[in-house]
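Here's the structure, in structure tokens; my notes come after.
No value in this document is a laboratory result; all are computed from the given coordinates. Because the structure is a prediction, the values reported are computed rather than measured. As a convention, Cβ positions derive from the backbone with ideal geometry for all residues, glycine included, and neighbour counts pool all protein chains shown.
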Amino acid sequence: MSIKSDRWIRRMAEQHGMIEPYEPGQVKRAADGHPIVSYGTSSYGYDVRCSREFKVFTNINSTIVDPKNFDPKSFVDVESDVCIIPPNSFALARTVEYFRIPRDVLVVCLGKSTYARCGIIVNVTPLEPEWEGHVTLEFSNTTPLPAKIYAGEGVAQMLFYQSDEVCETSYKDRGGKYQGQRGVTLPKT
């Protein structure tokens with residue numbers, strides 16, 4: 001298994017629609033010239049952007065967080081250029097980009113250092129071979145203060161690992177429950 005370079009990512013995005021929309025370079029400034037948290041292709045990965053669609057966790061109903069019986073009322077829907085996450089809480093979001101992962105590729109996601117250095121942890125499970133969809137992102141605010149996430153800017157880096165052989169059973173073959181997800185997707189069983 002080998003990590004893939006910017007050239008491979010560019011070729012797969014442009015010829016096979018692996019990432020849509022795709023940014024071939026690193027964008028570090030907004031159209032108006034203001035600095036942003038960068039996104040786009042890096043040396044050995046792709047920095048994804050966060051959409052304007054957020055679900056912010058709230059415990060106003062005093063429910064138990066149960067992954068087998070998740071109460072969607074535990075979230076407040078927010079559509080904005082900025083999301084404020086309460087202290088010691090979390091929010092769900094999704095990537096702007098839609099992914100189509102090749103059968104011989106596994107994608108691992110890591111948070112960007114700009115957010116990590118502010119106590120904001122980004123959690124994403126691996127993107128398995130032949131999975132496709134918008135990636136649901138989880139932002140944990142580990143600080144005792146409110147934290148801010150910026151839509152349309154970089155939030156995490158995807159690293160692409162290509163195997164020397166094709167997997168026997170892909171996510172698509174298994175009929176994975178998160179296949180083709182669009183929007184912020186809550187837990188399913």
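Among 26-33, 157-164, 122-129, 95-102, how do they line up from the highest to the lowest mean number of other beta-carbon atoms within 10 Å?
Top to bottom by mean Cβ count within 10 Å: 95-102, 122-129, 157-164, 26-33.
For a quick check: with amide H placed at 1.01 Å from N, whose amide H comes under 5 Å from GLY152's, ignoring anything fewer than 5 positions away on the same chain?
CYS50, SER51
More than 14 Å apart: what percent of Cα pairs in the stretch 100-177 qualify?
65 percent
Quick one: P(r) of the chain from all Cα-Cα pairs, 10 Å bins, percents rounded to integers, in order of increasing distance.
Bins of 10 Å from zero give 9, 35, 35, 17, 3 percent of pairs.
For GLY176, what is the net charge nearby, where nearby means another residue's Cβ is under 12 Å from its Cβ and Lys, Arg count +1, Asp, Glu -1?
Counting the neighbours of GLY176, the net charge comes to 0.
Quick one: 3J(HN,Hα) in Hz for the stretch 181-186, Karplus 6.51/-1.76/1.60 with θ = phi - 60°, rounded, Gly and Pro as x.
So the J values, rounded to whole Hz, are 5, 10, x, 6, 10, 7.
Provide the per-residue ³J(HN,Hα) series for the stretch 138-150, in order, calculated from phi with Karplus coefficients 6.51, -1.76, 1.60 and θ = phi - 60°, each as a whole number of Hz, with x at glycine and proline positions.
Karplus values, whole Hz, x for Gly and Pro: 10, 10, 9, 8, 8, 9, x, 10, x, 10, 10, 10, 9.
Would you grab the residues whose amide H sits under 5 Å from the one on SER42? Only those 5+ places off in sequence or on another chain, please, with H modelled 1.01 Å from N.
Counting only residues 5 or more places away or on other chains, the set is ASP47.
Measure of size requested: the Rg and Dmax of the stretch 75-141, with Cα atoms as the atom set and Å as the unit; please supply both.
13.4, 40
Find the centroid of the Cα atoms in the stretch 83-122 and in the stretch 128-150, then give the distance between the two in whole Å.
Rounded to whole Å, the Cα centres lie 4 Å apart.
I'd like the per residue volume of the convex hull spanned by the Cα atoms of the stretch 37-122, given in cubic angstrom.
Values: hull volume 11.9 nm³, N = 86.
Value for the stretch 37-122: 138 Å³ per residue.
Going by amide H atoms built from the backbone, whose H comes under 5 Å of the H on LEU137, apart from near neighbours?
ALA93, ARG94, THR95
Only four residue types carry charge here, +1 at the Cβ of Lys and Arg and -1 at the Cβ of Asp and Glu. Report the dipole size of the chain about the Cα centre in Debye, rounded to the nearest 20.
Rounded to the nearest 20 debye, it is 260 debye.
For Cα pairs less than 8 Å apart in space and 6+ apart in sequence, what is the mean separation divided by the residue count of the stretch 124-189, i.e. the relative contact order in percent?
It comes to 56 percent, rounded to a whole number.
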